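In what follows, a structure is listed as structure tokens, so that the remarks can point back to it.
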Amino acid sequence: MRFDKVVKGGSVVTPGGVVSGDIGITGEKIAAVGPGLDVTGATVIDAAGHLVIPGVLDVHVHLALPFMGAVSSDDYRTGTRAGARGGVTTLIDFAIPYKGDSLSAAADNWHKRAEGNALIDYTFHICVTRWDEHKDQIKGMVDRGFSTFKEFMIYESEGWQSDDRAMFGTLEKMKEYGSMLLVHAESSRVLDELMARHHTPELMKRYGARLHRMTRPNFIEAEAIQRAVTWSEVTGGQLYIVHMSTGQGADIIRAAQGRGVPVIAETCVQYLVLDDSMFDRDDGHLFACCPQLKKPADVARLWQGLASGEVSVISTDTCTFTREQKALWQGDWTKIPMGMPGLETLLPLAYTKGVLGGRMSIEQMCRKLSTNPAGIMGLAPKKGAIQVGADADIAIIHPTKTMRVDPTTMETNADWSPYDGWELAGFSRTTLSRGDVIVDDYAVVGKEGRGQWLPRTRAGLAGAGGS
Ligand code: URP
Ligand code: ZN
Ligand code: ZN
């Protein structure tokens, strides 16, 4: 059998385990996986001494998001370039309806942002922000190729907030259509109360950005997750908790899954490698994200949840704000644009802290970064695994070679990094997207605009693999 390209001589992480051998690529697809493939007429990509892993899916990304008086500074051009350098070959953003927009108009708006700019493949979760207006539009979006929807339990001032009635009704529809509801779970009324109590000139002067952690105790997330789980349990609608940051959340998910509730949880890599001591730094306000970083005990519990299975996916919640944008806070923590850069460092962090740190095997890492997200988001078997018939989305990483995180040399628009100065292995030496080499020798070589929208017909638990 002849191939257009052969990835030669690497340690290939397949769904069946790590095998030494080659990957034969014909057009955009993986045509063969095995030792000693014929290279006649093929372009050979040397992977000797390297790990060859499935391209990463970052299923929680916000690009050019208007939020908290700013617009997040990584757009489809810089965000997808950053992703590619970090071995990400698919991303899912959130299409949010603005100013009386329908769900369909929101999707159109996000399509315009991506088309002509995206280097890697993408799709969107559709955000239901005004239930009475949007509820009858959900089926039309399923028919248009969107199988995941999103509701925020907070962000009233952004006009995004959903109440229990909306979550309950949306979950009923998810059950009917075989689709899935993603929920940002934080308890808004108590959170508002805690923020109001602390919003005094004296406390802001004394505690600065530390007030971010002081006003979001763990029960703010745990209570909201518990409530969303209840609506999933009674409706049977599939629920996916985004960016879970607390150990209590993991306990609730584990118990719910034990009762057969159709709930899945994602955490983000920042909740695995950082904790809320970051707010003690002079530039601690940079680390404000939502939900905020938690305690070392939460970090440990989330790693354990990845190992035991109640945490199925690692994503980033990329929502990049520059130092200048973060400076909008001017000493008032409620005004810090919340979010951090992440696409470029997801794989290096998961590999360095997870695999090299002895917390997970390389196969587990690939399940949490690629196979599970693809399956859960309705993108398998096209995406998420190195197997015959799948898209040739591949990252080739050196097992030990490290690079220093330096925002001045990165693809992201961020002029800072939460991981500045960290020595990380796992940056992608070579990234292939549908057979195209888009990163070569650690540098982006692919052309923007080649990324494609990915229509989907299903989502949910059937795609959640093991731990
Ligand atoms: O801090 C964050 N996460 N910003 C983006 C909005 C969200 O809640 O995901
Ligand atoms: Zn959120
Ligand atoms: Zn988010």
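The values are calculated or read from the model by the stated rules, or taken from the named source; none is laboratory data. Note that the structure is predicted; figures quoted are calculated from it, not measured. Every residue, glycine as well, gets a Cβ built from its backbone with ideal geometry; the counts of neighbours run over all protein chains shown. With ligands, DNA and RNA removed, areas are computed over all heavy atoms of the protein, side chains included. Shrake-Rupley method; radii C 1.70, N 1.55, O 1.52, S 1.80 Å.
For every residue, the table says whether it meets (1) within 16 Å of ligand 3 (Cβ to nearest atom); (2) out of contact with any helix residue (DSSP H, G or I) (no Cβ under 7 Å at 6 or more places or on another chain); (3) without any contact (Cβ under 8 Å) to a residue 60 or more places away in the chain; (4) among the basic types (Lys, Arg).
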{"site": "Thr148", "(1), (2), (3), (4)": "yes, yes, no, no"}
{"site": "Phe168", "(1), (2), (3), (4)": "no, no, no, no"}
{"site": "Leu181", "(1), (2), (3), (4)": "yes, no, yes, no"}
{"site": "Arg189", "(1), (2), (3), (4)": "no, yes, yes, yes"}
{"site": "Leu194", "(1), (2), (3), (4)": "no, yes, yes, no"}
{"site": "Pro201", "(1), (2), (3), (4)": "no, yes, yes, no"}
{"site": "Lys205", "(1), (2), (3), (4)": "no, yes, no, yes"}
{"site": "Phe219", "(1), (2), (3), (4)": "no, yes, yes, no"}
{"site": "Trp231", "(1), (2), (3), (4)": "no, no, no, no"}
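Enumerate the strands (runs of 3 or more DSSP E) found wholly within region 162-269, keeping only those where 2 or more residues are open to solvent by less than 10 Å² (accessible area, probe 1.4 Å), away from ligand 1 (no atom under 15 Å from the Cβ) and among the β-branched types (Val, Ile, Thr).
263-268
Could you please find all residues in region 53-64 being within 15 Å of ligand 3 (Cβ to nearest atom) and over 15 Å from the mean Cα position of the chain (by Cα)?
Once the filter is applied, which keeps residues that are within 15 Å of ligand 3 (Cβ to nearest atom) and over 15 Å from the mean Cα position of the chain (by Cα), region 53-64 yields only Ala64.
Does Thr78 qualify as being hydroxyl-bearing (Ser, Thr, Tyr), in contact with a helix residue (DSSP H, G or I) (Cβ under 8 Å, 6 or more places away or on another chain) and more than 15 Å from ligand 2 (Cβ to nearest atom)?
Numbers: hydroxyl-bearing (Ser, Thr, Tyr): yes; in contact with a helix residue (DSSP H, G or I) (Cβ under 8 Å, 6 or more places away or on another chain): no; more than 15 Å from ligand 2 (Cβ to nearest atom): yes.
No; evaluated as a whole, the condition is false for this residue.
Conditions first: (1) modelled with pLDDT under 95; (2) hydrophobic (A, V, I, L, M, F, W, C); (3) open to solvent by 70 Å² or more (accessible area, probe 1.4 Å). Ala464 passes all but one, so which condition is the exception?
(3)
Kindly indicate whether any position in region 119-127 is within 16 Å of ligand 2 (Cβ to nearest atom), in contact (Cβ under 8 Å) with a residue 12 or more places away in the chain, among the hydrophobic types (A, V, I, L, M, F, W, C) and surrounded by fewer than 24 Cβ atoms within 10 Å (Cβ to Cβ).
So far as region 119-127 goes, yes, one or more of its residues are within 16 Å of ligand 2 (Cβ to nearest atom), in contact (Cβ under 8 Å) with a residue 12 or more places away in the chain, among the hydrophobic types (A, V, I, L, M, F, W, C) and surrounded by fewer than 24 Cβ atoms within 10 Å (Cβ to Cβ).
From the set of residues in region 257-280 that are out of contact with any Pro (no Cβ under 9 Å at 6 or more places or on another chain) and small (Gly, Ala, Ser), which is nearest to ligand 3 (Cβ to nearest atom)?
Ala265
Taking the stated definitions as given, is Lys150 within 30 Å of Glu193 (Cα to Cα) and surrounded by 18 or more Cβ atoms within 10 Å (Cβ to Cβ)?
yes
Residue-by-condition table, conditions (1) farther than 30 Å from Pro262 by Cβ; (2) assigned to a strand (DSSP E or B); (3) of a type in the set (A, V, I, L, M, F, W, C):
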residue: Trp416; (1), (2), (3): yes, no, yes
residue: Arg429; (1), (2), (3): yes, yes, no
residue: Ile438; (1), (2), (3): yes, yes, yes
residue: Lys447; (1), (2), (3): yes, no, no
residue: Arg450; (1), (2), (3): yes, no, no
residue: Ala459; (1), (2), (3): no, no, yes
residue: Ser467; (1), (2), (3): no, no, no
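Within region 275-300, work out how many residues are in contact with an Asp or Glu (Cβ under 8 Å, 6 or more places away or on another chain) and over 24 Å from Val61 (Cβ atoms).
So the count comes out to 2.
Tell me which of these Phe279 doesn't satisfy, since it passes every other one: (1) over 22 Å from Ile314 (Cα atoms); (2) open to solvent by 20 Å² or more (accessible area, probe 1.4 Å).
Unmet for Phe279, out of (1) over 22 Å from Ile314 (Cα atoms); (2) open to solvent by 20 Å² or more (accessible area, probe 1.4 Å): (2).
Which strands (runs of 3 or more DSSP E) sit wholly inside region 1-79 and have at least 2 residues that are modelled with pLDDT of 95 or more and within 30 Å of Thr320 (Cα to Cα)? Reasoning before the result, please.
Details: elements: 5-14, 17-26, 29-34, 43-46, 51-54, 56-61.
By residue number, 51-54, 56-61.
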